[in-house]
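Here's the structure, in structure tokens; my notes come after.
Readers should treat all values here as calculations from the given coordinates under stated rules, not as data from a laboratory. The structure displayed is predicted, hence computed values, not measured ones. No Cβ is skipped: glycine too gets one built from the backbone with ideal geometry, and neighbour counts run over all protein chains shown.
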Amino acid sequence: MPLEIAISIAVLLGAASLSAASAPAVILNSGSTNTAGFRLAVEKSGDAEYAPMPRKYGPQSSSPSEATRRKLPDALVQRFYSDLESAKPIASLPRERCMKSASFGATTIIQFGGEETPDLSCPNARNAHTRALMRDVEEIRGFFQSR
């Protein structure tokens, strides 16, 4: 393989991994019949954007909800990203099973580094990584709800 091609491949691979490393972690909540879901993107810088998503079924809001941007506390962001790193590969986290209400049952996943967690929203999760990530999600979401 000529040197120019090898260098081009190395540059492309480096750019792809840099792009994935700088992409935000995205928390997605599906919502349910009775509750709206949300999309919450958290950057390593602490900048975060919370965007409500429409309910799965039932009446929809007549006015579209706008996304909200906030700067999260450094300690929270560092813990969240540390928990994500320690749980890798996140797609291999155990798929916890739990009963969910037909009206209020929602799923919560995190997309990060080209992977996606299984549903993290079982309150009785036995896996320590799953519990830590869900604690982080609740704390981050609460930061948006309390302001």
For the range 21-45, enumerate the residues that are more than 13 Å from the chain's Cα centre (by Cα), more than 20 Å from residue 134 (Cβ to Cβ) and in a loop (DSSP other than H, G, I, E, B). 33, 34, 45
On the basis of being closer than 22 Å to residue 47 by Cα, surrounded by 16 or more Cβ atoms within 10 Å (Cβ to Cβ) and either in contact with a Gly (Cβ under 9 Å, 6 or more places away or on another chain) or of a type in the set (S, T, N, Q) (or both), does residue 78 make the cut? no
Going by the conditions given, is residue 113 in contact with a Leu (Cβ under 9 Å, 6 or more places away or on another chain), among the small types (Gly, Ala, Ser) and surrounded by fewer than 18 Cβ atoms within 10 Å (Cβ to Cβ)? yes
May I ask you to verify whether residue 118 is touching a residue at least 24 places away in the same chain (Cβ under 8 Å), surrounded by fewer than 12 Cβ atoms within 10 Å (Cβ to Cβ) and farther than 14 Å from residue 41 by Cα? no
